[in-house]
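Please read the structure below before turning to the comments.
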Amino acid sequence: MKKGINTRCLHIDENEENFENYGSISYPIYQTATYAHQGIGKSTGYDYTRLQNPTRNQLEKVVANLEEGLDAFALSSGMAAITLLMELFKPNDHLIVESDLYGGSIRLFDNISKKNGIDFTYLDCTTDDIEKHIKENTKAIYIETPTNPMMNVSDINKISKIAKKHNCILIVDNTFLTPYFQNPLNLGADVVVHSGTKFLGGHNDTLAGFLVTNNEEIQEKLRFLIKTTGAGLAPFDCWLILRGIKTLGIRMEKSQQNAIDIANFLKEQDVVTDVFYPGLPEHKGYDIIKKQARGFGAMLTFNVDSKEHAYEILEKVRMIKFAESLGGVETLITYPTTQTHADVPEEKRLKNGITPRTLRLSVGIEDSKDLIDELKNVFKSLS
Ligand SMILES: *Cc1c(COP(=O)(O)O)cnc(C)c1O
């Protein structure tokens, strides 16, 4: 019987006699570039760390298990994972992608993938008619849900049916909710993307990325690609992410509760004009996220009444850090316009609702009262 997700963050291979590695509770770091052989054709299963490394294997097994996939691939960052994934496509292939994606993904598609002959159509996958935009050469639909930073929610199962009907694969960036709250493969996706830097690692200290699939053909191609291109995650970083994942459940629960508290607080503030958090019943994606996920996550975006106030808030926060990134135990506040989404053309940014008054919070695991007190004091002191 399948164990609960908190257990699976800590234990896999329960049927094995698990006294390998001298019974180490913490999986060892195999800090080696290469492996000795006893003779021709007598490999230990490990030949060279670009191809395989036991610590990376262990991490990949854990992540595949959490996402309920056939296999997972650990890469040196989220962007390295998405770059590797783009190698599945060839010139003249067409992809439909969510327009409100992480800015780095848009930068990759527009500046690198396009140059390599891949064509993109950006849609609001929460409302646009995706099917109408599918062409003969459309090979994939690429979404994030909730999106970064506007927290739009799209219906994974519904989109997966459109993808299947037209022989496309569905790729879902699951960074915001993590497998703790959402399993896109079970909802019909073919590939899940993660920035492991964020909630999976969870401590704002390591970069990592993942691809997870339940499709054997994609699995084989990705194994070839990771071996050939060489962006596999280093052993020590694999160990850090393994350690982070052990507490994924309690971190997600605590930071989500804090996010709910802060969303409700922000709603009442005069300086705040809009709050985008899919755990608020008035959020337009509330019903869909309730249906397809087990939680709402710890990311929230809000607008204040002026750009000047947005700047002032960023300058005045102290415990809450004005910094890029998300998903760690420390609460961060981000300014998408000049940080995560700076390379998205202004017109596109504004169309997606990212304005100079937009701030994004990645809520950590501090005491929510202290976070709210800090925000209260900052708002009180605004000119
Ligand atoms: C951060 C992020 C990425 C990129 O990951 P890196 O680890 O920073 O390379 C991709 N997608 C989303 C949703 C992200 O938040």
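Here are some notes:
Rundown of residues vs (1) within 20 Å of residue 271 (Cα to Cα); (2) assigned to a helix (DSSP H, G or I), yes/no style:
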site: 326; (1), (2): no, no
site: 336; (1), (2): yes, no
site: 343; (1), (2): no, no
site: 349; (1), (2): no, yes
site: 365; (1), (2): no, no
site: 374; (1), (2): yes, yes
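- Residue within the range 57-75 that is assigned by TED's automatic domain parsing to the domain that holds residue 186, surrounded by 17 or more Cβ atoms within 10 Å (Cβ to Cβ), within 16 Å of the ligand (Cβ to nearest atom) and part of a loop (DSSP other than H, G, I, E, B) present: no
- Close pairs from the range 197-208: first on the phi > 0 side of the Ramachandran plot, partner hydrophobic (A, V, I, L, M, F, W, C), Cβ under 8 Å, at least 6 apart: 202/245; 202/248; 202/329; 204/329; 204/332
- Residue 163 open to solvent by less than 20 Å² (accessible area, probe 1.4 Å) and without any contact (Cβ under 8 Å) to a residue 40 or more places away in the chain: yes
- Residue check, residue 158 over 30 Å from residue 300 (Cα atoms) and not assigned by TED's automatic domain parsing to the domain that holds residue 353: no
- Positions within the range 254-287 being within 25 Å of residue 125 (Cα to Cα) and of a type in the set (Asp, Glu), in sequence order: 274, 282, 287
- For the range 14-37, the criterion of a residue being open to solvent by less than 50 Å² (accessible area, probe 1.4 Å), outside any loop (DSSP other than H, G, I, E, B), without any contact (Cβ under 8 Å) to a residue 60 or more places away in the chain and not assigned by TED's automatic domain parsing to the domain that holds residue 350 is satisfied by at least one position.
- Within the range 84-104, considering residues that are out of contact with any helix residue (DSSP H, G or I) (no Cβ under 6 Å at 6 or more places or on another chain) and assigned to a helix (DSSP H, G or I), the one farthest from the ligand (Cβ to nearest atom): 85
- Filter pass, residue 231 being surrounded by fewer than 22 Cβ atoms within 10 Å (Cβ to Cβ) and assigned by TED's automatic domain parsing to the domain that holds residue 185: yes
The values are calculated or read from the model by the stated rules, or taken from the named source; none is laboratory data. Because the structure is a prediction, the values reported are computed rather than measured. Cβ sites come from the backbone with ideal geometry, for glycine too, and all protein chains shown count toward neighbours. Just the protein is used for accessible areas: all its heavy atoms, side chains included, with ligands, DNA and RNA removed. Shrake-Rupley method; radii C 1.70, N 1.55, O 1.52, S 1.80 Å.
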